[in-house]
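The values are calculated or read from the model by the stated rules, or taken from the named source; none is laboratory data. Please read these numbers as outputs of a predicted model, since none were measured by experiment. Neighbour counts are summed over all protein chains in view; Cβ atoms, including those assigned to glycine, are modelled from backbone coordinates with ideal geometry.
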Amino acid sequence: MALREQSYLMLLALTEGPRHGYAIITAVRELSDGRVRLGAGTLYGALDRLTGDGLVSVAKEEVVNGRNRRYYQLTEDGHTVLAEETARLERLASVARSLLAPRPQPRMGAV
């Protein structure tokens, strides 16, 4: 199962333990060196999809300043899919490195 980059980073953020939405947004930004910035709509849409796929579950809910805060955690299936996707990306990166490696230039005019 190939994951979208955002979903991959969200699952990766949950490897350290349960996090609430804003903490996931912050972790994804840090993991991507600021390149991936999740909005709330994107985050919660992806979390609903990942929960529906059984990769993420709700760990707990609490009320903070009168607002519901939901914490998400990586499931065992989520961990497995994340590990498989990481291995797939490593294989792809290995192929890319070999294709991008400098190649010896043929000698011209050798006598």
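Things worth noting here:
- Residue check, THR26 under 15 Å from GLN6 (Cβ atoms) and of a type in the set (S, T, N, Q): yes
- Selection within the range 23-42 - modelled with pLDDT under 95, in a helix (DSSP H, G or I) and not β-branched (Val, Ile, Thr): ALA40, GLY41
- Residue check, GLY54 in contact with an Asp or Glu (Cβ under 8 Å, 6 or more places away or on another chain) and in contact (Cβ under 8 Å) with a residue 24 or more places away in the chain: yes
- Residues of the range 50-69 satisfying the condition of being surrounded by 10 or more Cβ atoms within 10 Å (Cβ to Cβ) and over 25 Å from the mean Cα position of the chain (by Cα): GLU62
- For the range 43-58, the set of residues classified as part of a strand (DSSP E or B) and out of contact with any helix residue (DSSP H, G or I) (no Cβ under 6 Å at 6 or more places or on another chain) consists of SER57, VAL58, listed by residue number.
- Checking GLU61, GLU84 one by one, the residue that is farther than 12 Å from GLN6 by Cα and at pLDDT 95 or above is GLU84 and no other.
- Residue in the range 59-86 that is farthest from ALA46 (Cα to Cα), counting only those that are of a type in the set (A, V, I, L, M, F, W, C) and not in a strand (DSSP E or B): ALA83
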